[in-house]
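For reference, the structure is listed below as structure tokens.
Read-outs: derived from the displayed coordinates by stated rules, not from any lab. Please read all numbers here as calculations on a predicted model, not as lab measurements. Backbone-built Cβ (ideal geometry, glycine too); neighbour counts: all protein chains shown.
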Amino acid sequence: MKKGNQEKDTLDRSRGKSRFIYQQLAEQLRKEIEEGGLKPGDTVPSMDTLAERHQVNKATVRQALAELTARGFVYSIPAKGTFVADPARRQREDISKRSLCIGWISRVSGHSKTGRYHTELMDAVRHALNQIRGHLIVLTTGNLDAASFCKVVGEAHLDGAILVGPFFSEPIKMLGESGLPCVLIDDACRGGRIDSILLDNRLGAFQAISHLLSLGHQRIALITGPSDWKITQERMAGAQEAFTEAGIPEKDITILPSDFSPEGGHAAFVELLKNTPRPTAVFCFNDEMAAGALHALYEHSNLKVPDDISIMGFDDISWTTMTHPPLTTIHVDRERMAKEAVDRLQSTMTEKDHLPFTTVLTTKLVVRKSTGPSVPPGG
């Protein structure tokens, strides 16, 4: 209300309405704030002024201001007064009080293509979102161009989004510029102004190869993922670093490209069985390919694991304790990854000055029964 404005009292005092007078007063003040009569930062008239203007007692005014405060329209500073909140503050406070609609957006989460790693990560994200009254909506964008991608996301009316890599940089940048709070998992986008949660894939692969080398393996095969994926490139770099440190020549390393699926691991291992001399150990770039490799081994050979050949994976999904034998692998803390992503998303939505940054999570070797000492031919 502008200074000096002697607005006529318009509260409805008819019978049966008196108990709601504070709500009527709160609604009038809210309307004046939204119409610009009271602007962000303005001082709200004192309780005495409002009580006199509307011919109510100060207890009614206090109730009205308490309701506006709870809804994020005003805030009080002790000994200074009550002030109009800016719209961004109101939006952030509204977000903190209602159920959130969060998008799970991935190029690889399309029905039959969704692997166990991603479903377990999705479950962990859902659990973390429960703590902030959020629910997940799955959007599959495939290979849409950047404009179509942003259109699909915009039409979902999301409060925020968790993007699961790999992603092309252009749609990420466009989404970041749209103002939608976002967090990117398993990928990063230079200049994208978006938080990223990454895994130290290079370290994990280095740990895997170092483990196999420590068991005496010299001829090691790698079953990799798509060559244009960052995680494939990073895991390859970590493996090659371990080989170089140990002085293993390239001729002793067999590389079989695959696609991170159990079927891909199966097909790659069938090809591997044709090699002479046969590798004594296989490092699969994820657990699902390792499970497929184990299946192929039992279908197409008489080899025993780990007596004749060692096999290990990466991710430590739930399957790894149920394979025969239980799989040696590289552990990825999906629960921590999910919590970090949700915490970062909440900060983006509620903190006006949030600055995006990248977190890199470490990995851990988990030794089970699928790896053992290398046995020389005839040994």
Q) Which trypsin sites (Lys or Arg not before Pro) does region 241-321 hold that lie in a coil by DSSP with at most 12 other beta carbons within 10 Å? A) 274, 304
Q: Sequence neighbours fewer than 8 away in the same chain don't count; with that in mind, list the aspartates and glutamates whose C-alpha is under 17 Å from residue 151.
A: 159, 170, 177
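With the cut-off at 22 Å, report for region 201-331 the share of all Cα pairs above it, as a whole percent.
Details: 2158 of 8515 pairs.
Value for region 201-331 (Cα pairs over 22 Å): 25 percent.
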Q. Scanning the chain for GluC sites (Glu not before Pro) in DSSP loops with at most 14 other Cβ atoms within 10 Å, what's the longest stretch left with none?
A. 36-350
Q | Where a label projected 7 Å from the Cα of residue 190 along Cα→Cβ would reach, residues of region 140-179 with amide N under 13 Å | A | 169
Q. Going 7 Å from the Cα of residue 48 in the Cα-to-Cβ direction, what parts of region 59-86 have a backbone nitrogen less than 19 Å from that spot?
A. 59-63, 65, 77-83
Q. Where does the Debye-calculated log10 I(q)/I(0) of the chain sit at q = 0.12 Å⁻¹, using only Cα point scatterers of equal weight, no solvent?
A. -0.91
